[in-house]
There are 2 protein chains.
Amino acid sequence: MELTEATPDPGTARPGGRTARVRAAVLDATAEVLAEQGFAHLDLTDIARRAEVGKTTVYRRWGTVTGLVADLLLEMAQQSVPRTETGSLLGDLTANARLVQRTLADPRQGALFRAVIAAAGSDPKAAQALYGFYSARVEEWAPCVEQAAARGEVPDGTDAQEVIRATSAPLYYRLLTTALPLDTADADRAASAAAAAARAGAYVREP
Amino acid sequence: MELTEATPDPGTARPGGRTARVRAAVLDATAEVLAEQGFAHLDLTDIARRAEVGKTTVYRRWGTVTGLVADLLLEMAQQSVPRTETGSLLGDLTANARLVQRTLADPRQGALFRAVIAAAGSDPKAAQALYGFYSARVEEWAPCVEQAAARGEVPDGTDAQEVIRATSAPLYYRLLTTALPLDTADADRAASAAAAAARAGAYVREP
DNA sequence: CGGTTAATAGAACTGGAGTCCCGTTATGGA
DNA sequence: TCCATAACGGGACTCCAGTTCTATTAACCG
C-alpha cells in the first residue's frame with residue numbers, strides 16, 4: 001500500500017481560475033442562504049444548485065455544513081478592518097463597538113455570526129475557526145487599552161484583552177438573547193460602560 | 001368539511017401518566033445528546049431510539065429539532081431560581097453572575113444553551129422561547145438594581161434591565177467565542193465591572 | 001369501574017441527502 | 001504551445017430521516 005495519505009485537501013494544489021470561482025460562488029450562496037433561512041436550513045445539495053456547481057464538488061471540498069461555515073468564516077477573517085486611533089480610551093472603544101454593531105446589525109453578516117456560533121457548538125473545526133477569528137480581532141484592538149494605561153487613564157495591570165471583550169459582549173448578548181434591535185446607542189453604551197469599568201479597576205489582573 | 005382545525009397540539013388534552021413519562025424521557029434524551037454531541041447531531045429518530053419511544057410519537061409531538069429544543073427550554077424555564085438579596089448592588093450582581101457561570105460551566109446546561117441559541121437563529125418558535133426565557137430572568141433580577149438606586153448606589157434613571165444584561169453578557173461572550181474556561185473569577189469580574197459602570201452612570205437612560 | 005378517545009407503537013412506504021464511479025475540463029508547469 | 005493531472009460535473013445508486021396508515025394502549029370522564 002502506498003496511495004493512502006497524500007491527499008492534502010482538494011483546492012490547494014491548483015487554487016487559481018476555476019477553483020477560485022467555484023469557491024466564491026459556493027461561499028456566496030452559503031452566505032445568501034444563511035441570511036435568508038438560517039443555519040438549520042443549510043444543505044449542501046441546495047448550495048450546489050444555487051451556486052450552479054456540481055454537488056459532488058461541494059461534498060468533496062467541504063463535506064459538511066459546519067465545514068462550509070468554517071471556511072466562510074476564514075474567508076471573512078481575511079478582510080481585517082484596521083483599528084482606528086482617536087487618542088482616548090472612550091473614543092477607541094466607541095469606534096470598536098460601532099464597528100461590531102454595524103457588523104452584527106447587517107443581515108448577512110449578523111446571520112453569518114449566528115451560524116458560526118451555532119456551528120462551533122458541535123463541530124471542533126468550526127469552533128477552532130471561530131476562536132481564531134475572535135482571538136485575532138481582540139489582539140488587534142488590545143493595544144488601545146495599553147496606550148490608555150500608558151496615559152494613566154486606567155490602572156496598571158489592566159487586562160487589555162478583557163476590556164476589548166467587555167466592549168463587544170453586550171452587543172452579542174443583545175443580538176443572541178433578545179429580539180431588541182441593535183443600534184448606535186447600544187454601541188456607545190457598551191463602550192462607555194467598558195471604559196468606566198476599566199477606569200474603576202474592574203479589569204486589573206489578580207496578583 | 002368540519003374536522004379541520006381543532007387539533008390543539010398533542011399532549012395537551014391528556015398530559016398525565018404516560019404522556020408525561022414520554023415527554024420526560026424524550027427531553028432527557030435530548031439533553032443527553034446535546035451535551036455529548038451538540039445541536040447539529042440531533043435527529044429525531046435517534047432521540048426516539050434513546051428514549052425508547054416510538055419515533056412516530058416524537059415526530060407528532062415535536063416535529064422538528066428546533067421544536068424539541070424549544071420545548072426543552074420551556075421545561076427548564078419552569079425551575080426558576082429565586083433571586084438572593086445581599087443588601088448591596090455588588091453582592092447581588094455577584095450572586096447573579098455566579099449563578100449564570102455555574103449554569104454555563106455545567107456540561108449539560110452549557111451545551112443546552114449553545115443549542116438553544118443556535119436553534120433561535122433559524123427557528124422563530126425557538127427564538128420566541130429563548131427571548132421569553134431571558135426576558136423573565138432579567139425581570140426577576142432587575143429589582144436589585146432598583147433597590148440600589150433607592151439606596152443611592154447608582155444614579156436615578158439607571159436602566160435596571162440593562163445592568164442585569166451587562167452582568168451576564170461577558171460570561172456568554174466568553175462561552176461562545178473563546179475556548180477559555182469559565183470560572184468563579186470570571187463571574188466576579190463581570191459583576192464588579194457591571195457595578196462599577198452602573199455607579200459611573202453608564203446605564204442612565206437618555207432623556 | 002367501564003367507555004370513549006387521546007396518545008402511543010409498529011410496520012410499510014417514500015423522497016431526497018449523501019456517496020460512488022467515471023468521463024470531461026482546464027490549471028500550472030515545462 | 002503542449003502535457004500530466006488536479007479539480008469539476010453528471011448520473012446512478014444507497015440508505016435513512018421523515019411520513020402515512022392502522023392497531024393497540026391507557027388517560028380522563030361519568
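What follows is calculated from the coordinates using simple rules that are stated; it is not laboratory data. The shown structure was predicted, so the numbers you read here are calculated from the model rather than taken from an experiment. Heads up, the Cβs are rebuilt from the backbone with ideal geometry, glycines too, and the neighbour counts pull from every protein chain shown.
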Using a Förster distance of 25 angstrom, determine the FRET efficiency expected from the C-beta separation of A:GLU206 and B:ARG151, and round it to 0.05.
0.30
Where Lys and Arg each count +1 and Asp and Glu each count -1, what net charge lies around A:VAL53 among other residues with Cβ under 15 Å from its Cβ?
+2
As I understand it, the value is the acute angle between the Cα axis of helix B:124-141 and the longest principal axis of the Cα atoms of chain B; what does it come to in degrees, rounded to 10?
40 degrees
What are the residues whose amide H is under 5 Å from the amide H of B:VAL204, where those residues sit 5 or more places off or on another chain and H is modelled from the backbone?
B:ASP159
Between A:GLN161 and B:ARG21, what is the spin-label point distance in nm, taking each point 7 Å from the Cα along the Cα→C-beta axis?
5.2 nm
Could you list the square roots of 5 times each eigenvalue of the Cα gyration tensor of the range B:2-147, that is, the equivalent ellipsoid semi-axes, sorted largest first and rounded to whole Å?
32, 18, 14
Applying 1/(1 + (r/R0)^6) with R0 = 41 Å to the Cβ-Cβ distance of B:GLN128 and A:THR12, what FRET efficiency is obtained, to the nearest 0.05?
0.40
Cleavage-rule hits, trypsin sites (Lys or Arg not before Pro), the range A:130-176, DSSP coil, Cβ neighbours within 10 Å at most 14:
A:ARG151
Choose one of A:VAL65, A:GLY38, A:ALA48: the residue whose Cα lies farthest towards the positive end of the charge dipole of the range A:17-76 (beta-carbon charges +1 Lys, Arg; -1 Asp, Glu; about the Cα centre).
A:ALA48
Using θ = phi - 60° and Karplus 6.51 cos²θ - 1.76 cosθ + 1.60, couplings along the range A:73-79 (whole Hz; Gly, Pro as x):
5, 4, 4, 5, 5, 4, 6
How much net charge surrounds A:ALA187 when only other residues with a Cβ under 11 Å from its Cβ are counted (Lys, Arg +1; Asp, Glu -1)?
+1
Taking the Cβ of A:ALA95 as the centre, find all other residues whose Cβ is under 14 Å away and add up their charges (Lys, Arg: +1; Asp, Glu: -1).
0
The range A:93-141 versus the range B:28-42: alpha-carbon centroid distance in Å:
24 Å
With chain B treated as a Gaussian network of Cα nodes joined by springs under 10 Å, which of B:ALA136, B:ALA31, B:ALA120 yields the largest mean-square fluctuation?
B:ALA136
Starting from a label point 7 Å past Cα on the Cβ side, list the distances from B:GLY87 to the same position in the other copies, nm, shortest first.
4.8
How would you classify the range A:17-76 from its alpha-carbon gyration tensor, with a ≥ b ≥ c the square roots of the eigenvalues: rounded for a/c under 1.5, else prolate if a/b is greater than b/c, otherwise oblate?
rounded
Got the B:HIS41 label distances to the other copies yet, label 7 Å along Cα→Cβ, in nm, shortest first?
2.7
Copy-to-copy spacing for B:ALA136, label 7 Å out on the Cα-to-C-beta vector, in nm, shortest first?
4.1
In degrees from 0 to 90, rounded to the nearest 10, what is the angle of the helix B:17-37 Cα long axis to the longest principal axis of chain B?
60 degrees
